[in-house]
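Notes for the one structure printed next.
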Amino acid sequence: MKMPARVVGEEKVKIKKSFVKPWMGIKYLFKKPVTIKIPYEKVEPAPKYRGFHTLDWKKCVGCNFCGQICPARAIEMTWIEGEKRPHPKVDYGRCTFCQFCVDVCPTGALGFSENFYLTTGGFEEDLELYDWVPIHPDKVKELNEKFGDYRFPVERIEKKGDGVYVYHLRDGEKLEFKILGYGLRPPAAAKPKPAAKAQTKAPTKKEEPGKETAQPETKKEGTETEKKE
Ligand code: SF4
Ligand code: SF4
């Protein structure tokens, strides 16, 4: 049975008029502000505070466990030129800093820093900072030791076009790489070119798309044994 919806009109909401309440705010004029003056004041985060992510690209095996567990769908697997496996890209517009992704990472590649604040000038290009492939924990530690203010380690993310990104780190160092595509399956640009032999060899069985690129050698062996039988 459908219940009728009742909406109370604004005119029926009773607001008690008070002449004292507006004056109660005066007491706050003489109290110390609880806000911090960024960038002149700093706050020490609690030990093991769950801040921005770190990632050891060499340890990451591209299993996507982090992406699967993420309740906010904040992780997107990213194929980077020169890397054999995709790495997680974290969208801080969605991330809730639960760190489930860090807990589930089987290789310990994904970690988190105590860095917690990211303020921008409000420019359009600053939005790039909220969506990144995390950098090595040692670099974040080094920046923290140098600046000691727990800020986001990247000052600016430059989009050069054709998938090339430059991370301008706070100490002036630049990290340049090319993103080939997103998703679990390798994009066409990331697929290894087939050897001349494999091109001439006719396939014996209808193969499932994607399997060949993931494990090309295992597949070849399988077809040979099938022939012998
Ligand atoms: S911290 Fe939580 S919300 Fe953020 S990317 Fe990891 S799993 Fe997703
Ligand atoms: S960061 Fe960890 S969980 Fe995520 S893809 Fe890499 S190895 Fe897998």
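In Å², what does the accessible area per residue of the range 53-181 work out to with a 1.4 Å probe?
In whole numbers, the range 53-181 has 52 Å² accessible per residue.
Cα convex hull of the range 14-164: mean projected area in nm², to one decimal? Let's see the in-between values first.
Numbers: hull surface 57.0 nm².
The orientation-averaged projected area of the Cα hull of the range 14-164 comes to 14.3 nm².
Quick one: which residues, 5 or more positions from Arg156 or on another chain, have an amide H under 5 Å from its amide H? H modelled 1.01 Å from N in the peptide plane, none for Pro or chain starts.
His168
Over 30 Å between Cα atoms: which of Lys59/Lys146; Lys16/Lys37; Lys59/Lys174 fall into that group?
As for pairs spanning more than 30 Å Cα to Cα, those are Lys16/Lys37.
At 1.4 Å probe size, what's the solvent-accessible area of Leu180? Round to the nearest 10 Å².
The accessible area comes out at roughly 40 Å².
What is the extension gain from Phe147 to Ala5, computed as 0.36 nm multiplied by their sequence separation minus the C-alpha to C-alpha distance, in nm to one decimal?
45.5 nm
Across the range 11-26, in residue order, what do the Karplus-derived ³J(HN,Hα) couplings come to in whole Hz, using 6.51 cos²θ - 1.76 cosθ + 1.60 with θ = phi - 60° and x for Gly and Pro?
5, 8, 6, 8, 10, 6, 7, 9, 9, 8, 3, x, 7, 5, x, 4
When ranked by the protection proxy of mean other Cβ atoms within 10 Å per residue, highest first, what sequence do the peptides 24-31, 10-17, 92-99 form?
Details: 24-31: 7.5, 10-17: 5.9, 92-99: 14.5.
Peptide ranking by packing, descending: 92-99, 24-31, 10-17.
Compute and list, largest first, the equivalent-ellipsoid semi-axes of the range 36-93 from the alpha carbon gyration tensor, each √(5λ) rounded to a whole angstrom. Walk me through the numbers before you get to the answer.
Values: eigenvalues 169, 39, 27 Å².
One finds semi-axes of 29, 14, 12 Å for the range 36-93.
Along the three principal axes, how long is the range 138-196 when you take its alpha carbons, biggest first, rounded to the nearest angstrom?
53, 23, 21
Compute, for the range 1-100, the length of the dipole vector about the Cα centre, with Cβ point charges of +1 (Lys, Arg) and -1 (Asp, Glu) only. Units Debye, rounded to 20.
Computed about the Cα centre, the dipole is about 780 debye.
Taking a point 7 angstrom from the Cα of Asp103 along the C-beta vector, which residues in the range 56-81 have backbone N less than 19 Å away?
Of the residues in the range 56-81, 64-75 have backbone N under 19 Å from the label point off Asp103.
Explain nothing, just compute: Karplus ³J(HN,Hα) = 6.51 cos²θ - 1.76 cosθ + 1.60, θ = phi - 60°, for every residue of the range 144-150 in order, whole Hz, x for Gly and Pro.
Result, ordered by residue: 5, 5, 6, 9, x, 10, 6 Hz.
For Arg85, project a label point 7 Å along Cα to C-beta. Then give me every residue of the range 56-72 with its amide nitrogen under 16 Å of that point.
Within reach of a label on Arg85, which here means backbone N under 16 Å from a point 7 Å along Cα→Cβ, the range 56-72 contributes 56-69.
The values are calculated or read from the model by the stated rules, or taken from the named source; none is laboratory data. No experiment lies behind these values; they were computed from the predicted model shown. Every residue, glycine among them, receives a Cβ derived from its backbone with ideal geometry; neighbour counts consider all protein chains shown. When the accessible area is computed, the model is the full protein with side chains, heavy atoms only, and any ligands, DNA or RNA have been set aside. Shrake-Rupley method; radii C 1.70, N 1.55, O 1.52, S 1.80 Å.
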